[in-house]
Structure formats: C-alpha cells, structure tokens
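Below is one structure, written out as structure tokens; comments come after it.
The values are calculated or read from the model by the stated rules, or taken from the named source; none is laboratory data. Just so you know, these numbers come straight off a predicted model, no measurement behind them. Note that we place each Cβ from the backbone using ideal geometry, even for glycine, and neighbour counts take in every protein chain shown.
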C-alpha cells in the first residue's frame, strides 16, 4: 500500500453517470450530536400535497429535504427542482417507490415542477409549486441521506463507519481512516463503467460487499460513511476534462468547507483522486492531471 499522509476529502475519478441527541441551534456551524447518529428522514404527513399518483410530504423542509411518493403502478414520475442559485435538479421516481430530495441550494426560493410519464420519454406536468425554504441549519442537507446517497442506520457501511473509531475522533482523523478504507478495499469496475445505464443510482452496501464500483459508487460510499459520523459533505457531480466525474467536499469544523481537497501534509491541502489512488500506480501522473482543480467543472450538488 502506498504511503499516505494526513487526510482526504475526496475527488472521484472517471465517473460515467449516464455511461460510466440534539443538535446545536446555530446555522453557522454543523449540529453536534452525542452520541453520533445517522440522521433518518421522516414523512409524518403533517404537510402534504397530492396530485394523481404523486404525493409530496413537505413536513420537514426546515430539515433540508422533502419526500416524494409515486403511487402509480406503472408510470414514472419526474421532478424538476430549481434552486435559488438557478441550478436545476432532476429526479426520477419509479412506480411504487419514494425518494428523499434535498434542498442542496440552502435556504431561499425553490420552484418545483412535477411530471408524470405518459409514454416512454413523454411526460406531462401535473404539479407546480413555489417553495420558500428556511433551513434550521445550513448543513442539514449534507448530513441526511437522499436519493443519490441512500442510507439508513441499518446500512452496513454506516455501521462500519461508526465502529471504525471512537466517537471523539477528530474529523481529520475520521476522514483519513474512511478514505484509506475505501481506497484499500474498493476497486474500479471498468466493465460496469462501460455498461451502466442512464439513471443509475448507487447501492452503498452492494459496493461495500462486492468491493467494486464506478466513481459514483466510490463517491456515494464515502459520503454515506462521513455523514453517518455527522461530518457534513457534498457529493459533487460534474466533469473532469470531458469526462463525467464525481467528488466530495467536506466540512472540517476547525477549517470550514474544504473544496475538492484530498490530502493534508501538515501545512496545505493537495488533491488526489481516490479512484486513481486505488487503481493507478503512478501517483505523480494522477496529481499532474488533478492539479489545482482547473480540470474540474461542477454541475450538481447532492
């Protein structure tokens, strides 16, 4: 195993998305939970909207999410959520399933348009809403699970993250341990990358059990493990050069958000893609490509 220094936050390489208790009151710092807990979305039905097979549970928007139910037996539902910064997030919910959708853009005004599948790729709008969202804490969307990073307290990866080190382990040490575990135990699945279909969503425990995955799987696994230790992180989706890519930004309580950073040598953060790190021997070449981040372009935060 190659030597690593201090810690990682995580860039994930060659992603082919379509082919590849009690917390603190301050919203300026992440909530603090003792003991550590895996946050679980709830849909108590206190505030709902329904239209045809669509049901929205909006009871906990202040916690950074809402839940979508597709009660159709045959037709898909599509959501288009425009964040305050203008970024448009799209979600698809298969018949009979539900999904947790985060307010990744923080507090502000969101425009929601919901569509029902008519036939194949044809959809019809069935519901629209203008939503003014005020989060109890700005970090909550990056602590809860969602459709792209789907986990519960029963998820084996979350149990592993909680058992790997004591509760009072510093964030940087927890990052180091989780990063090293993922790099040492997950290998890149090139065949899957070449055959994965549009709309693919990671199965975190499957990645853990099989020890293989594409970059989306790497990103979702490490995000779930970090969030289960109450470490806020953003699963970022975009491009590395011309290639679909995913990486993770992590919030360090002593430093703030560390964007696209991977390794800390005691003085400064540098980048190192953990997919490269787990499969490519030439670290110098990997660092040369990753460089100062100019090869990376962000599209979505999950």
- prompt: Before we move on, is residue 45 part of a loop (DSSP other than H, G, I, E, B), at pLDDT 95 or above and on the phi > 0 side of the Ramachandran plot?
  reply: yes
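For every residue, the table says whether it meets (1) buried (at least 22 other Cβ atoms within 10 Å of the Cβ); (2) out of contact with any helix residue (DSSP H, G or I) (no Cβ under 7 Å at 6 or more places or on another chain); (3) at negative phi.
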{"site": "106", "(1), (2), (3)": "no, yes, no"}
{"site": "112", "(1), (2), (3)": "no, yes, yes"}
{"site": "123", "(1), (2), (3)": "no, yes, yes"}
{"site": "127", "(1), (2), (3)": "no, yes, yes"}
{"site": "132", "(1), (2), (3)": "no, yes, yes"}
{"site": "136", "(1), (2), (3)": "no, no, yes"}
{"site": "152", "(1), (2), (3)": "no, yes, yes"}
task: Would you check if residue 272 is in the same structural domain as residue 159 (by TED's automatic domain parsing), crowded, with 16+ Cβ neighbours inside 10 Å, part of a loop (DSSP other than H, G, I, E, B) and modelled with pLDDT under 90?
output: yes
- line: Among residues of the stretch 167-180 being out of contact with any helix residue (DSSP H, G or I) (no Cβ under 8 Å at 6 or more places or on another chain) and assigned to a helix (DSSP H, G or I), the residue surrounded by the fewest Cβ atoms within 10 Å (Cβ to Cβ) is 173
- request: Give 221, 194, 160, 201 a once-over and let me know the one that is in the same structural domain as residue 248 (by TED's automatic domain parsing), within 15 Å of the chain's Cα centre (by Cα) and surrounded by fewer than 19 Cβ atoms within 10 Å (Cβ to Cβ).
  value: 201
query: Looking at 186, 231, 214, which one is assigned by TED's automatic domain parsing to the domain that holds residue 258 and at pLDDT 90 or above?
result: 231
message: When you scan the stretch 149-166, do you find a residue that is part of a strand (DSSP E or B) and modelled with pLDDT of 95 or more, even just one?
response: no
- prompt: If residue 177 passes every condition in (1) farther than 23 Å from residue 90 by Cβ; (2) touching a strand residue (DSSP E or B) at 6+ places or on another chain (Cβ under 8 Å) but one, which one does it miss?
  reply: (2)
task: Please go through the stretch 103-140 and pick out each residue that is part of a loop (DSSP other than H, G, I, E, B) and in contact with a strand residue (DSSP E or B) (Cβ under 9 Å, 6 or more places away or on another chain).
output: 103, 104, 105, 106, 107, 134, 139
